[in-house]
Amino acid sequence: MLKIEYDFNLKNHNTFHVDFLCKKFIEINQREDIDDLIPFLPTDKNMLYVLGEGANTLFTGRFNGTILHSNLKGIHVKKQENDRVHIQVNSGEIWNDFVLFCVQNQYYGVENLILIPGSVGAAPVQNIGAYGVEVGDFIGSVEYLDLADFSIRKIGNIDCQFKYRDSIFKGSLSGKILILNVTFVLSTKPSFNASYKPVQAALDNENNLIPSIQDMSRIISSIRRSKLPDPSLLGNAGSFFKNPIISNSHFLKLHERFPEIIAFDSDGKMMKISAAWLIDQCNLKGFSIGGAKVYEKQPLVIVNYGSATCNDITDLSQYIQKKVFEKFGVLLESEVIFL
Ligand SMILES: Cc1cc2nc3c(=O)[nH]c(=O)nc-3n(C[C@H](O)[C@H](O)[C@H](O)COP(=O)(O)OP(=O)(O)OC[C@H]3O[C@@H](n4cnc5c(N)ncnc54)[C@H](O)[C@@H]3O)c2cc1C
């Protein structure tokens, strides 16, 4: 049944745990709710925001529009052939519950993405990634409700246009659709990604040459917990900024001035550099504005250490961007979506 609330506080629907009121909150709990939903949606699409668990959204003031939230549950193994399993997961499932399901059933592919907060419906939106793995590599198709004509459509992997923290859902389809379910294609044969150095170091340390999927998820969980604050204890939205991608020539100039700069993969023309390193070089670890603070253990994370307002978090993020730009001439782009 459709749930509708007015002047609803979304404090429990955002991992910063800030108070935030919206005019109308609509939750769909079963597929049949879609027909009932239509008359309640605003005609002006700027007055509509689709919210998952709010782990990547920063509210910046009262929202005078409608928040649409999927609480569609269900994980269904659709087919298994050769070494592949196709699993359709409804958008309201918690992402980590799905990863735990895969670990338990030995379906390989997404174990490096364990403990990422949020919903399954949001996972393709920013193509969530961690420890050398991006979810887009394991998505077969995405089914969504088109909020303009209320048709239900399905698009395949290529059409999702997955890139680093990006997809068509963040681009041309942004704000226009509600993802209903995602079909993942995983392997039933052991295959792991240990390309991230600390993961390989942990395996070496254990003398673990043939890790199980449980070993991989345990190691990744432990690395994550040592670096990232648990949002249930300390409000945050994970990495606040994307790692900037700059031209090789820009990188070489920076490298001349800062030989210790941390950079990742390059495609020959562009180079991805560490946003955490840039922020750290500006001595911003522990810096705070109001109740918002740059996390000491990982400067890419802004935390609410008690009573941060939306303004505190916004001001701090802008201050970080300013300092990094002044020192390096690099503009940090926010990974978190401002509403
Ligand atoms: C502690 C912490 C660690 C994190 N670590 C990582 C990490 O390692 N890697 C990473 O990639 N991210 C990470 N994140 C960010 C976050 O977990 C992901 O972006 C996650 O996918 C957000 O899910 P959500 O449901 O909370 O999305 P929301 O914040 O609710 O929404 C995010 C975007 O998705 C859209 N959306 C949500 N649901 C739907 C739907 N059903 N249909 C259409 N659009 C929808 C929203 O409109 C919005 O544009 C981290 C966050 C935290 C708090």
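Values for this structure:
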| quantity | calculated |
| --- | --- |
| Cα centroid separation - the stretch 151-225 against the stretch 85-134, whole Å | 6 |
| Net charge dipole size for the stretch 1-68 [Lys, Arg +1 and Asp, Glu -1 on Cβ; Debye, nearest 20] | 260 |
| For the chain: relative contact order, % (alpha-carbon pairs under 8 angstrom, 6 or more apart) | 16 |
| Rg and Dmax [Cα atoms of the stretch 1-147; Å; Rg one decimal, Dmax integer] | 16.4, 51 |
| Distance in nm between pseudo-label sites at N248 and E5 (7 Å out along the Cβ direction from Cα) | 5.3 |
| The chain: DSSP helices with Cα axial extent of at least 18 Å and average Kyte-Doolittle hydropathy no lower than -1.0 | 213-227, 310-328 |
| Highest-fluctuation residue, Y305, Y319, Y49 considered, GNM on the chain with Cα pairs under 10 Å | Y319 |
| Positive dipole terminus of the chain, leading residue within N208, L332, F138 (C-beta point charges) | L332 |
| Projected area averaged over orientations for the stretch 165-283, convex hull of C-alpha atoms, nm² | 11.9 |
| P(r) weight above 24 Å for the chain, C-alpha pairs, percent | 59 |
| Residue (of I273, L254, G156) at the positive-pole extreme of the chain, dipole from beta-carbon charges | L254 |
| The stretch 75-187: relative contact order as a whole-number percent, Cα under 8 Å and 6+ apart | 32 |
| Assigned charges on the beta-carbon of Lys, Arg, Asp, Glu; the chain dipole about Cα centre (debye) | 580 |
| Sorted largest first, extent of the stretch 235-338 alpha carbons per principal axis (Å) | 44, 24, 21 |
| The chain - mean residue ellipticity at 222 nm from DSSP helices (-39,500 (n - 2.57) per run, n ≥ 4, rounded to 500) | -7000 deg cm²/dmol |
| Dipole magnitude (debye, nearest 20) for the stretch 224-339, charges at Cβ of Lys, Arg, Asp, Glu | 140 |
| Distribution of pairwise C-alpha distances over the stretch 3-70, 10 Å bins, in % | 21, 56, 22, 1 |
| Considering only the chain, percent of DSSP beta bridges that pair antiparallel, nearest 5 | 80 |
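Values in this text are rule-based calculations from the coordinates and carry no lab data. This is a predicted model, so every value here is computed, not measured. Note that we place each Cβ from the backbone using ideal geometry, even for glycine, and neighbour counts take in every protein chain shown.
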